[in-house]
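Notes follow once the structure below has been shown.
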Amino acid sequence: MQRNGTSRLRRVLTTGGTMAAAGALVGTLSTEAYAANIEVATRGTSWWEPGAGVARYQEKGDYLTISDRAADGAGVRAALADGNGKTLRARTYSGGAGGSRTWNFNLPENKRIWLHVCLKDNGEIKTATCRYYEGRA
């Protein structure tokens, strides 16, 4: 009789420990999902080379760097948006292939943000090239 009660107690404690460990793991994973430093490259299409434009956001200092990696005549547009989709900052770099530019912003701390990057040609954002990644400011 006592053995059965002990066995039941062990199962309860083991289940509780497993759930606590799973909760700790989920907490760890969700923290890592919001990287402080984000890099996103543009998507390739039949017209545009993959990775032709790259945007990098660095949390420490709130720096946004946009790089043009292809001699295709297009510029690169990057935008930082909040969790509700509101654009916080947007910039376009059109200085030519192989070049880049960095901007410094003052964004609200510890907020979820999205970094979007697209090619922009003749004033038109090429939506098929757009990519985004979620991070934390």
What are the lysines whose alpha-carbon lies under 23 Å from the alpha-carbon of Lys120, with same-chain residues fewer than 8 places away excluded? Lys86
Roughly speaking, what is the stretch gain from Thr87 to Thr45, that is 0.36 nm per residue apart minus the C-alpha to C-alpha distance, in nm to one decimal? 12.6 nm
With label points built 7 Å along Cα→Cβ from the Cα atoms of Trp103 and Glu124, find their separation and express it in nm. 2.4 nm
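Read the figures in this text as sums done on the coordinates, not as results from a lab. All figures in this text were calculated on a predicted structure; none of them were measured in a lab. Because the Cβ atoms are built from the backbone with ideal geometry, glycine has one as well, and the counts that use them run over all protein chains shown.
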